[in-house]
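The values are calculated or read from the model by the stated rules, or taken from the named source; none is laboratory data. Model, not experiment: these values are computed from the prediction. Note: ideal-geometry Cβ built from the backbone for every residue, glycine included; neighbour counts use all protein chains shown. All accessible areas refer to the heavy atoms of the entire protein, side chains included, with ligands and DNA or RNA removed. Shrake-Rupley method; radii C 1.70, N 1.55, O 1.52, S 1.80 Å.
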Amino acid sequence: MVKGRFAPTPSGNMHVGNALCYLLAWLSARSQGGGVVLRFEDTDLMRMRPGAVEQTFSDLLWLGLDWDEGPAPDERGGAYFQSCRTEIYDKYFDELRVRGMVYPCFCSRRDVRLVSAPHESDRAAVYPGSCRDLSPQEVAERMKKRAPAWRLRLGDETVVFRDRIRGALSCEILREYGDFPIRRADGVYCYQFTVALDDALMGVTEVLRSRDLISSSPWQVYVQRLFGFEPPVFVHIPLLLDPDGQRMAKRDFSLSLREVRRHYSAEEVVGALAYLAGLLDEPHPCTAEELLPHYAPEKLPREDIVLPRALFARCGEG
């Protein structure tokens, strides 16, 4: 059975771009007779915002997007909150240490930037392996001065994965990315590691998300295959940009779902999002359930979508 997921980070208000992703993830799984998992990616507690979990529950249910597996709306911890899953991540991290597949890294971000070329797609620095072959004596000496992060020792191989929109994709992961961190110096586990494990352990078979996360896929697929898991099928949709053609952010209140809800019904919002996604010829009110017969991945746009100002024109009117 197809199992999709919602994986919000409760660091602010959901905006309409987030809502579009969650609507399409729900439609994709449900249209294939599958279900949806809800998981909160709150590992880095310093970034979380009070009230964001409550608002996310409220927004999803207001849109008519239910889930088959995950926390109840009154839960604030448990198996579907990453902040409560550290023991699970410890177990898999320890397995990698036993297998000799992780090593301590004492480089700062600035160190990496100074000695490496940027990645072509996102201009992120490629880690050059500066700490890869430190001797035990060198490690012990450096640990006296600072706690290390831990990086995954990659093999020199090509990672191939499938995207339902873009087809088969491949990445020479060591050359294009370099060994990547899986645990920070403060002990917090990194996004790529936790997401890869959670998707695998929760049985997620399809990950629909925005195309800005496509560069995360090779890392996550690599981690899953290290532990013998079958990676999911990916569906990377275009970004929904604001009317000025800029990427939306949770700090922008005008296009937050919380603000949109003050001026529009759930059916109006769902219909507008479906229109932007190519599922409707014009934006008219409807429910997520009513969209199921209209959903097909081949209908989804291939280029980023600029939100027309008129579509949510009542927002910000007081």
(request) Give me the distance between the Cα centres of segment 56-90 and segment 125-164, rounded to whole Å. (result) 32
(message) Straight-line reach from residue 3: which lysines fall under 29 Å, measuring Cα to Cα and dropping same-chain residues less than 8 apart?
(response) 91, 250, 299
(request) Rounding to the nearest 20 debye, state how big the charge dipole of segment 130-191 is about its Cα centre with +1 on each Lys and Arg Cβ and -1 on each Asp and Glu Cβ. (result) 300
(request) Quick one: dipole size for segment 245-288, taken about the Cα centre, charges +1 on Lys/Arg Cβ and -1 on Asp/Glu Cβ, in debye to the nearest 20. (result) 400
(message) What distance in nm lies between label points placed 7 Å from Cα along the C-beta direction at residue 289 and residue 46?
(response) 4.5
(request) Would you mind telling me which residue in 41, 95, 138 has the biggest mean-square fluctuation in a Gaussian network model of the chain, where springs connect alpha carbons within a distance under 10 angstrom? (result) 138
(message) Which of 83, 215, 11 ends up with the largest GNM mean-square fluctuation for the chain, with Cα atoms connected below 10 Å?
(response) 215
(message) Starting from a Cα-only point model with no solvent, please compute log10 I(q)/I(0) by Debye for segment 221-272 at q = 0.22, 0.23 1/Å.
(response) -0.88, -0.93
(message) Counting only protein heavy atoms and a 1.4 Å probe, tell me what percentage of segment 28-182's accessible area is made up of carbon and sulfur.
(response) 49
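What size of dipole, in debye to the nearest 20, comes out for the chain about its Cα centre when the only charges are +1 on Lys and Arg C-beta atoms and -1 on Asp and Glu C-beta atoms? The partial results should precede the final answer.
Values: 41 positive and 46 negative charges, 233 e Å.
It comes to approximately 1120 debye.
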(request) Please name which of 88, 106, 46 has its Cα lying farthest along the dipole of segment 41-112 towards the positive end, using unit charges on Cβ (Lys, Arg +1; Asp, Glu -1) and the Cα centre as origin. (result) 106
(request) Could you do me a favour and compute the accessible area per residue for segment 126-278, 1.4 Å probe, result in Å²? (result) 44
(request) Give the cysteines in the chain for which no other Cys Cβ lies under 4.7 Å away, or write none if there are none. (result) 21, 84, 107, 171, 190, 286, 315
(message) In the chain, if the dipole is taken from +1 on Lys/Arg beta carbons and -1 on Asp/Glu beta carbons about the Cα centre, which of 139, 79, 233 is farthest to the positive end?
(response) 139
(request) Name the residue farthest towards the positive end of the dipole of the chain from the options 216, 277, 20, assuming +1 on Cβ of Lys and Arg, -1 on Cβ of Asp and Glu, about the Cα centre. (result) 216
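First compute the accessible area of segment 243-318 with a 1.4 Å probe, then give the percent of it belonging to carbon and sulfur atoms.
46
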(request) Using Cα pairs closer than 8 Å and at least 6 residues apart in sequence, work out the relative contact order for segment 220-318, in percent. (result) 33
(message) Among 27, 276, 201, which one shows the highest mean-square fluctuation when the chain is modelled as a Gaussian network with alpha-carbon springs under 10 Å?
(response) 201
(request) Quick one: which residues, 5+ away or cross-chain, put their amide H under 5 Å from the amide H of residue 5? H built at 1.01 Å from N. (result) 37, 208
